[in-house]
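Since the structure comes first, as structure tokens, the remarks are kept for the end.
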Amino acid sequence: SYAEHWAYGFIGEKVPFDQMGTLMQAEGYHWSNHHFRNQHRAEENVIAGFNCIVLDVDDGISLEMAHDLMKDFKFLTYTTKRHQTEGHGDRFRMVLPINYCLDLDNDEYKEFMQSIFAWLPFKTDESYMKREKKSESFSGGLIHYNMDGELFDALDFIPKTSRNESHKTNFQK
């Protein structure tokens, strides 16, 4: 969903992945991975259901290295307005489409995202474990698509499933 206001007027639309970059570079927009009742971005208004993972990277890894580490997956990245500004290195968002549309409640979504964060080979902003989290577009951002990779397999990370339990056990080893 997207809006010109940071909390109100969020319009829920399904957009082909290869066209998401248009929104990421639109001037003055905010967007979220979820849709909202009454077009009001708040946790109590979240409509369950998402098919992408959004990561916000502010420190510790270059954009080029993130592209290399995630090259097996389909993704898009776009640089944010603080990218390579004074005192800052690479700052960007990465959006990974997943192989299912998942309907997770708030607690399940947090657990799902915590598992993703633990698995990732780089640090990300953990505030993105909130379903109502929004991102800001940036008209000056650089867009990069990796369309050659596979869809990210979400099954290992869905809480309270046998695949997730097996993944946790193997990950701890």
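Annotations for the structure displayed:
- Members of region 9-37 found to be out of contact with any Asp or Glu (no Cβ under 9 Å at 6 or more places or on another chain) and of a type in the set (Lys, Arg), listed by number: Lys14
- With respect to being open to solvent by 70 Å² or more (accessible area, probe 1.4 Å), modelled with pLDDT of 95 or more and among the basic types (Lys, Arg), Lys14 falls outside the description.
- Taken over region 18-37, the criterion of being assigned to a helix (DSSP H, G or I), out of contact with any helix residue (DSSP H, G or I) (no Cβ under 9 Å at 6 or more places or on another chain), over 23 Å from Glu126 (Cβ atoms) and open to solvent by 30 Å² or more (accessible area, probe 1.4 Å) is satisfied by Asp18, Gln19, Thr22, Leu23.
- Listed by first and then second residue, the pairs linking a residue in region 67-95 that is at pLDDT below 70 to a residue that is of a type outside the set (Ser, Thr, Tyr) and part of a strand (DSSP E or B), with Cβ atoms under 8 Å apart and 6 or more places separating them unless they lie on different chains, are His83/Phe92.
- If the condition is being assigned to a loop (DSSP other than H, G, I, E, B) and in contact (Cβ under 8 Å) with a residue 60 or more places away in the chain, then region 103-120 contributes only Leu120.
- Those residues of region 115-155 which are buried (at least 16 other Cβ atoms within 10 Å of the Cβ) and among the β-branched types (Val, Ile, Thr), in sequence order: Ile116, Thr124
- Residue satisfying all of: in region 38-84; within 17 Å of Leu151 (Cβ to Cβ) and in contact with an Asp or Glu (Cβ under 7 Å, 6 or more places away or on another chain); least open to solvent (accessible area, probe 1.4 Å) among these: Gly49
The values are calculated or read from the model by the stated rules, or taken from the named source; none is laboratory data. These figures come from a predicted structure and were not determined experimentally. For neighbour counting, all protein chains shown are included, and Cβ atoms are generated from backbone atoms with ideal geometry for every residue, glycine included. Heavy atoms of the whole protein, side chains included, go into the accessibility calculation; ligands, DNA and RNA do not. Shrake-Rupley method; radii C 1.70, N 1.55, O 1.52, S 1.80 Å.
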